1. Within the stretch 96-105, identify whether any single residue is modelled with pLDDT of 70 or more and either at negative phi or not small (Gly, Ala, Ser) (or both), and answer yes or no.
2. Among the numbered criteria (1) at pLDDT below 80; (2) of a type in the set (A, V, I, L, M, F, W, C); (3) more than 19 Å from Asp7 (Cβ to Cβ), which single criterion is violated by Phe37?
3. Which one is surrounded by the most Cβ atoms within 10 Å (Cβ to Cβ), of the residues in the stretch 3-52 that are under 18 Å from the mean Cα position of the chain (by Cα) and of a type in the set (D, E, K, R)?
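The values are calculated or read from the model by the stated rules, or taken from the named source; none is laboratory data. Small disclaimer: the values here were computed from a predicted structure and weren't measured. Here the Cβ positions follow ideal geometry from the backbone for every residue, glycine too, while neighbour counts run over all protein chains shown.
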Amino acid sequence: MALHTRDGVVEEAGPGRCRLTTGSWSWPALAATIARFDADFEVIGPPDLAEAFAHLAARFTRRQTPPADGLLDEPRPGRPRTVTDDQVEQVIARTLESSDCISTHPNGR
C-alpha cells in the first residue's frame, strides 16, 4: 500500500495490517481516496468520515442500475440545450470527413 500512497504516511499495525494517515480537502474526497486501494478497512474516526463513506455508498447503490432513460446524471441547471445529439453527430461526421480539418489546425496536424 505504501507504494501507492501519494500523500500520507503508512505505518505497520500488526500482521497483515497497516495504518494510513492522510488528509484531503473534504470528507467524501478522503473516503474516495481510501476506497481506491481496493482493500478491507476499518474507519476508526472521526464520525464525519464514517458519514462520508455512507454517503458514497448510497450514491454508488443508486447508480448500480442505470435509469430507464439511460442518463446517469442529474439534470443540469440553466437554459435547456438548443443543439440535439443528432446535430452534434452531424458536425463531428462532417469535420472528420473534411480534408480541411487537417490543413487548418494551428499546429499543422
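1. Our first condition is that a residue be modelled with pLDDT of 70 or more; within the stretch 96-105, this holds for 96-97.
Checking the rest, the ones that are also either at negative phi or not small (Gly, Ala, Ser) (or both) come to 96-97.
Looking through the stretch 96-105, at least one residue is modelled with pLDDT of 70 or more and either at negative phi or not small (Gly, Ala, Ser) (or both).
2. The number of the failed condition is (3).
3. Per the criteria, the residue is Arg36.
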